[in-house]
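The values are calculated or read from the model by the stated rules, or taken from the named source; none is laboratory data. What you see is a predicted model, and the numbers here were worked out from it, not measured in a lab. FYI the Cβ positions are ideal-geometry reconstructions off the backbone, even for glycines, and counts take in every protein chain you see. Heads up: the accessible areas ignore ligands, DNA and RNA and are worked out on the full protein's heavy atoms, side chains in. Shrake-Rupley method; radii C 1.70, N 1.55, O 1.52, S 1.80 Å.
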There are 2 protein chains.
Amino acid sequence: MKMSGGVEWALHCAFALTAADHPVSAARLAEMHDVSASYLAKQLQAMSRAGLVRSTQGNLGGYELTRPPSRITVLDVVEAVDGPTPAFLCTDVRARGPLAASPEACRTPCAIHRAMTAADEAWRASLRSVTIADLAAQVTGEHGRGVLDGVRNWFNAAP
Amino acid sequence: MKMSGGVEWALHCAFALTAADHPVSAARLAEMHDVSASYLAKQLQAMSRAGLVRSTQGNLGGYELTRPPSRITVLDVVEAVDGPTPAFLCTDVRARGPLAASPEACRTPCAIHRAMTAADEAWRASLRSVTIADLAAQVTGEHGRGVLDGVRNWFNAAP
DNA sequence: AGAGTTCCGGACAAGAGTTGTCCGAGTTGC
DNA sequence: GCAACTCGGACAACTCTTGTCCGGAACTCT
């Protein structure tokens, strides 16, 4: 089981956009993190489809957050990029083979399915409890306010 | 993000082996669940490597649980088949690019890394809280004792 | 209005990981 | 000792992710 690597990029972008007061282009975000611009664009488009960021075209266009960072959870970003589908999908094994359970017994999800769903929900709840603003607060609390200021200055500097 | 489909098979096998008092061959387990025998063998080998089941070769060989089902958690099976690697792997994006953080600032995992690790741990804790015996108890509580008895009888019947 | 940016969506190739199959090594029972 | 049966790991086929690229549309500045 592996999560899409683009999730990490998207989270870092969401964190960086916290310090921006202008739209930031995808190319600039890619340059900042030293990652592929073409591929990062794909993640940003996914975030745009999910309504987390707003994209403006044109000369001074780019991406900006649609909501205050305290209203964007880590789960929002993960689901936007990686998809909302749970990792475990039940194929109803109990309904196959010579000992197949009766169809009416399969109306409720099986015990295995429930255990996996509960774990998935615990995972989501944990990600839902952390917002982008929390991440920013942790970073400034540990490494000082200079980090976000540096990002803002770099965004405002000429390319 | 998608989990290996073999995890579901392995869990069903672990559940079925609860009702067995003899070693059961991989072919018989595959026939019972109507899945590919060759591929199911791979999952059983992984469980054997993890020490969850013991394999005996020869004429009446097969697989059997090494511990009582109350000592085998769902997480044990998931990690045996799907691997113990967490889904999220941090590539230390903050240490790259023109705004790279200083190396000494990267001694501790970044905030994003911590959030993902905490969620992963919550997921694992949920899976760890359910044992194979719990699954069997749920099934008998909902569909009666006949289910496990049927499995046992089918195992004891001649192929 | 025109030129220069920028995003958007899709098509496309490369790579990794999963899914599935096969045959040899070893063991057991007769 | 023999034969039958089993597991175990090595071997392809396939799907999905990763990554790239290009044309079209929209916006800003001159």
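Phi-derived couplings, Karplus 6.51 cos²θ - 1.76 cosθ + 1.60 at θ = phi - 60°, listed residue by residue for the range B:50-56: 7, x, 7, 10, 10, 10, 10 Hz, with x used for Gly and Pro. Within the straight-line cut-off of under 20 Å between alpha carbons, the lysines reachable from B:Lys42 are A:Lys2, B:Lys2, sequence neighbours fewer than 8 places apart in one chain being disregarded.
Surface burial for B against A, with a 1.4 Å probe and both sides summed, reaches about 4400 Å² of accessible area. Sequence-distant contacts, meaning Cα pairs under 8 Å at least 6 residues apart, place the relative contact order of chain B at 29 percent. Rounded, prolate or oblate, given the Cα gyration tensor of the range A:47-116, with a/c below 1.5 counting as rounded? Prolate shape, in that a/c is at least 1.5 and a/b is the bigger ratio. Note on A:85-95: average number of Cβ atoms from other chains within 10 Å of each residue's Cβ is 4.
For a paramagnetic label modelled on B:Ala118 (point 7 Å from Cα along Cα→Cβ), amide N atoms under 20 Å away belong, within the range A:87-123, to A:119-123.
Taken per residue, the accessible surface of chain B reaches 48 Å², heavy atoms only and a 1.4 Å probe. Taking A:Leu99, A:Leu17, A:Leu135 as the candidate residues, the one with maximal mean-square fluctuation in a Gaussian network model of chain A, Cα springs under 10 Å, is A:Leu99.
Restricting the trypsin sites (Lys or Arg not before Pro) of the range B:64-141 to loop positions (DSSP other than H, G, I, E, B) with no more than 11 neighbouring Cβ atoms within 10 Å leaves B:Arg107. By the gyration tensor of its Cα atoms, with a ≥ b ≥ c the square roots of the eigenvalues, what is the shape of chain B: rounded for a/c under 1.5, prolate for a/b over b/c, or oblate? Verdict is prolate for chain B.
Summarising the amide proton neighbourhood of B:Val130: residues at separation of 5 or more, or on other chains, whose placed amide H is nearer than 5 Å comprise B:Val74, B:Leu75. Annotation: for a label point projected 7 angstrom from Cα along Cα→Cβ of A:Ala100, residues of the range B:1-25 with backbone N closer than 20 Å are B:8-10, B:12-13, B:16.
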